[in-house]
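Read the structure below first, then the notes.
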Amino acid sequence: RGHRAVALGGEAGAASWNHAPGVGRFRGLSACASEVRRAGVLLEEQLPDGMAVAVAAAHMAPWLGETGGPLRPELTVGKLGCSTIFFLSSLSLRLSDLTKAATSVRLNALVQLTSLGAWPAVTWCMVALMRALGAPFSSGLLDGLLVTACLPTTVNMCVLMTQKAGGNVALAITNAVIANTLGVFVTPLLLFSVLGKTIDVKFAAVCMQLASRVLLPVLLGQLARNSGTVTAFASTHKKGIKYVSELIILGVIFNTFCDSFSRASLALGRADILLLALGMPVVYTLCFLCGARLLSRLPIAPADATAALYCASQKTLAFGLPVIRLIFAGSPDLAYYTAPIMVLHPLQLFLGSALMPTLKRTLKLEHAAE
């Protein structure tokens, strides 16, 4: 629905920026505001359309939504947005749901073993095969794929996608916390195993970040449920709460692509571009669909399987970029190491939403909900 027109609008905005810096910025801002308003309308119909508009807006005015820019997305979308997501999610969760999710030991173990075990193992085999066959990819970029595979799941994206699909949100929250806590220890060990690199991660700092952005909002949401007024409000405004959550998704996408368009200085060869732009989406889609098919054959409730798939299939940018920059500080290949996760981050949002109808049919999620 008008994706090509949106893309052309993005090119026009970029041209005005290049040819008239003084005027172009305001034109870009005006066009960007128009696209954001349009995103709100599209959001009611289909999230992928809103995502396309967010990318076009980022292309028109990347200075507006980049980290450290006028909108301060590292605060508004990063800290405040993340906390809001978990608070709103907690409002609709009973304490018994969270307790049950935390005690689902086998399912939680399956998710973590897939994310921090199967992902690195499969990626290592694929990279080893490409190198053995003499594939024309940059060595640094192949190492970047290995680094990305060693990262834990996302903190908020997996919860958002699970919630939108109608999955078990309590299970998604539980695994997001478990994965990012384990990542402090496991990711450095995995990086040492596959690349021979070591890193000293500050466990206390990461735990404090998880506590303030995840656990505290969840606790506040549970406390708010004790108020009959708040519970009634959350029950009667489910669509509005969902709308806010999806707007935060668009904010994350806008910030991610603004950073990409503002700071992209990576000189990639044709083969590298094909690997990132074509290879990663194809492999991710195949793995996602195969995972859905496999979970549909296991004795797992559809809602639980949905949460498990989104948690196991995603990799965190928030934890990943600081770790990569710390490990490879001063390395001439640093940009190659960060490129895969920068591509995978928005890719998870696009494909996670685009493949949602197929996921629901495969897991018979809508039928189970009824």
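Tabulated data
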quantity	calculated
Unmet criterion (only one of (1) on the phi > 0 side of the Ramachandran plot; (2) within 17 Å of the chain's Cα centre (by Cα)) for Val111	(1)
Number of positions in the stretch 127-153 that are crowded, with 16+ Cβ neighbours inside 10 Å and part of a helix (DSSP H, G or I)	12
Any hit, the stretch 194-201, residues being polar (S, T, N, Q), at pLDDT below 80 and open to solvent by 40 Å² or more (accessible area, probe 1.4 Å)	yes
Some residue of the stretch 312-330 being of a type in the set (Ser, Thr, Tyr), at pLDDT 80 or above and buried (at least 19 other Cβ atoms within 10 Å of the Cβ)	yes
Gln209, sole failed condition from (1) out of contact with any Phe, Trp or Tyr (no Cβ under 8 Å at 6 or more places or on another chain); (2) within 27 Å of Phe350 (Cα to Cα); (3) at pLDDT 85 or above	(3)
Verdict on Gly183 being among the small types (Gly, Ala, Ser), part of a helix (DSSP H, G or I) and either modelled with pLDDT of 80 or more or over 23 Å from the mean Cα position of the chain (by Cα) (or both)	yes
Test: residue in the stretch 71-93 that is open to solvent by less than 50 Å² (accessible area, probe 1.4 Å) and acidic (Asp, Glu)	no
Odd one out for Leu309, checked against (1) modelled with pLDDT of 85 or more; (2) more than 15 Å from the chain's Cα centre (by Cα); (3) assigned to a helix (DSSP H, G or I)	(2)
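Residue-by-condition table, conditions (1) at pLDDT below 80; (2) more than 22 Å from the chain's Cα centre (by Cα); (3) under 14 Å from Phe257 (Cα atoms):
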position: Ala31; (1), (2), (3): yes, yes, no
position: Gly40; (1), (2), (3): yes, no, no
position: Glu44; (1), (2), (3): yes, no, no
position: Val53; (1), (2), (3): no, no, yes
position: His59; (1), (2), (3): no, no, yes
position: Gly69; (1), (2), (3): no, no, yes
position: Pro73; (1), (2), (3): no, no, yes
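The values are calculated or read from the model by the stated rules, or taken from the named source; none is laboratory data. Remember, it's a predicted structure, so these values are computed and weren't measured experimentally. Cβ atoms come from the backbone with ideal geometry, glycine included; neighbour counts cover every protein chain shown. These accessible areas exclude ligands, DNA and RNA; they are computed on the full protein's heavy atoms, side chains included. Shrake-Rupley method; radii C 1.70, N 1.55, O 1.52, S 1.80 Å.
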